Amino acid sequence: MVEEPVEKEKVGEVTHYFTDISVGVIDLSGTVEIGDKISIEGATTNFQQEIESMEIEHEDVEKAGAGDAIGIKVKDRVREGDIVYRIK
């Protein structure tokens, strides 16, 4: 069985990670919303997850776009400079 190639679009970059609460801060260059599936990739990072909630300045938001810095709960450690892709 041949796997379909995953289509993905770069939507941002990790700028910070809070280890104690497992939250990554992502500086967006594209649009994301609750329910989007994302892939976070870097030198030692490579996992996919769904965005279940996100915040801008401690306020819950449903959608965010280019120029926003969002905080999302991540299921694994992320590192500064990791690239965030939205999976289509």
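Coordinate-derived values only; no laboratory data. Fair warning: this is a prediction, and the values are worked out from it, not measured in the lab. Cβ atoms come from the backbone with ideal geometry, glycine included; neighbour counts cover every protein chain shown.
Condition check ((1) part of a strand (DSSP E or B); (2) on the phi > 0 side of the Ramachandran plot; (3) surrounded by 13 or more Cβ atoms within 10 Å (Cβ to Cβ)) across all residues:
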| residue | (1), (2), (3) |
| --- | --- |
| V11 | yes, no, yes |
| H16 | yes, no, yes |
| I26 | yes, no, yes |
| I38 | yes, no, yes |
| Q49 | yes, no, yes |
| E52 | no, no, no |
| R79 | no, no, yes |
Tell me whether the stretch 55-70 contains one or more residues that are surrounded by fewer than 17 Cβ atoms within 10 Å (Cβ to Cβ), free of Cβ contacts under 8 Å to residues at least 60 places away in the same chain and either basic (K, R) or closer than 12 Å to I87 by Cα (or both).
yes
